[in-house]
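Report on the following structure.
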Amino acid sequence: MEKKFFTSGPSQLYPTIKIHLQSAIQENICSISHRGSLFQTLFKDTTQLLKTFLHIPDSYQIFFLSSATEAMGRIIGSCVDQYSFHLVNGAFSYLFYNQSVKLKKKALKHELPLGCGFDIKQIKIPKKIELICITHNETSTGVQFDLRQVSQLKQKNPQSLLALDIVSSAPYVNVNYSLFDLVFFSVQKGFGLPAGLGVLIVSKQALQKARDLKLHGRLQESYHDFINLEKYAGEFQTPTTPNVLLIYLLNKVISDMKKRGISLIREETEQKAELLYKFFELSSDFKPFVSKPRNRSKTVCVAEAKFGSSYCIKQLMQQGFVIGSGYKELKEKQIRIANFPAHTLQDVQTLIMKLQMLTNKKNK
Ligand SMILES: *Cc1c(COP(=O)(O)O)cnc(C)c1O
């Protein structure tokens, strides 16, 4: 039976991946040199496509890494001398914080209970902070950060660089890049690709910070520090042999998404999320985990499940629908459903129908 993956990453592959994998083999993509002109063209085209598709200003650099977690570590290593500040309300925002702790920085955090969203007005950030880290979509609990607060945050903290994790909300999230210095995602979530590639978008100011740290011997030097990444990106290359296949597939999928249109993708995402939350609200057996609708993620919808998650997951699995459990300590209490561009409106409607049938069966 063909399965549909509603897990939050890896997830359902974008429908055109199969064709692109075949053409990659035909074009010998996995054998070309990463120091040759074919790769340089691929690098140049892909970063240009990303810039037009996501409306990233031309002055920003795009780096290819191995994962989003790597991006977190490289950001801290190249942009923080001493102090970072983190908005933490779940496992992934904590991961970013913890990368800073592990690199022996003075990492400060403002932490909220799981399921809650941040109100910038309530948060005091010390002047000495060099980098503020925000997770747009906390995948572990389905809480979305309200980006309308960012200009205020920026006004109050003009000295700090701003980093944004958009791993589980790209390409849906509409980022005003001019407000951020570091934005990153990996490709196995909303882009519907196999895992193994991280994309990091970096402002001039962030690159300058790396140069300043280097000058003072305070840069966390590595093959993937910003100085080295920038040097190679200048030649449309990467410091090490990258995942060329995934860069190729990302290029193809973005071209497909671009044809479909980013505004249509965004509209459909909102429409599907609304159907899911409406179902959870009206159901006697499910309840949206995030109580305030404005904090609810559009791309990872989380509900408390009265019968427990393992029952739901098992029943749906038998019908070819793979959904996620709650994260860690919430594993049995919740179900998590990804809502990415690879999930069609019809897929979501069918999934809701199946959840409804579960309810009917259990209540008989
Ligand atoms: C999945 C995820 C990550 C980690 O991504 P990797 O590619 O596995 O490193 C980081 N942040 C968020 C919000 C995520 O959902």
> So what is the relative contact order for the stretch 59-139, in percent, with contacts set as C-alpha pairs under 8 Å and at least six apart?
Replying inline: 37 percent
>> Run the simple label-point estimate for SER222 and GLN48 please: 7 Å along Cα→C-beta, distance reported in nm.
In response: 3.2 nm
>> If I histogram all Cα-Cα distances within the stretch 54-155 using bins 5 Å wide from 0, what percent of pairs lands in each bin?
In response: 2, 12, 21, 22, 23, 15, 4, 0
> What percentages, rounded to whole numbers, describe P(r) for the stretch 1-127 computed over all alpha carbon pairs with 10 Å bin width beginning at zero?
Replying inline: 10, 23, 31, 24, 11, 1
> Per the Kirkwood treatment, what hydrodynamic radius in Å, one decimal, follows for the stretch 96-241 from the mean inverse distance over all distinct Cα pairs?
Replying inline: 16.8 Å
>> Once the convex hull of the alpha carbons of the chain is built, what does its volume come to per residue, in cubic angstrom?
In response: 128 Å³
> In the calculated pair distance distribution of the stretch 316-364, what percentage of Cα-Cα distances lie above 14 Å?
Replying inline: 60 percent
>> Between helix 262-282 and the chain, what is the angle of the helix's C-alpha long axis to the longest principal axis, kept within 0 to 90° and rounded to the nearest 10?
In response: 40 degrees
> With labels modelled as points extended 7 Å from the Cα through the Cβ direction, what inter-label distance (nm, one decimal) is found for THR350 paired with LYS364?
Replying inline: 2.2 nm
> Against the longest principal axis of the chain, how steep is helix 309-318, in degrees 0 to 90 to the nearest 10, with axes from Cα atoms?
Replying inline: 80 degrees
> Comparing HIS216, HIS86, HIS343, which has the greatest mean-square fluctuation in the GNM of the chain with Cα pairs linked when under 10 Å apart?
Replying inline: HIS216
>> Shape verdict for the stretch 253-364, please, from the Cα gyration tensor: rounded (a/c under 1.5), prolate (a/b greater than b/c) or oblate.
In response: prolate
> Could you state the principal axis extents of the C-alpha atoms in the stretch 157-300, from the largest down, to the nearest angstrom?
Replying inline: 60, 38, 25
> Helix 91-102 versus the longest principal axis of the chain: what is the Cα-based angle in degrees, 0 to 90, to the nearest 10?
Replying inline: 30 degrees
> Based solely on its DSSP helices, what 222 nm [θ] is calculated for the chain when runs of n ≥ 4 H residues each add -39,500 (n - 2.57) and the sum is averaged over all residues, nearest 500 deg cm²/dmol?
Replying inline: -13000 deg cm²/dmol
>> Suppose a student asked you for the relative contact order of the chain, using Cα pairs under 8 Å spaced at least 6 residues apart; what percent would you report?
In response: 24 percent
>> Defining a contact as two alpha carbons under 8 Å apart and six or more residues distant in sequence, what relative contact order in percent does the stretch 110-216 show?
In response: 20 percent
> How many nm separate the modelled label positions at LYS328 and LYS214, each set 7 Å beyond the Cα in the direction of the Cβ?
Replying inline: 3.6 nm
> For the cross-link pairs LYS109/LYS154; LYS105/LYS189; LYS18/LYS231; LYS4/LYS272; LYS209/LYS252, which exceed 23 Å when the distance is taken from alpha carbon to alpha carbon?
Replying inline: LYS105/LYS189; LYS18/LYS231; LYS209/LYS252
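Rule-based calculations on the coordinates, nothing more; no lab input. Being a predicted model, the structure only gives us computed values, none of them experimental. Cβ sites come from the backbone with ideal geometry, for glycine too, and all protein chains shown count toward neighbours.
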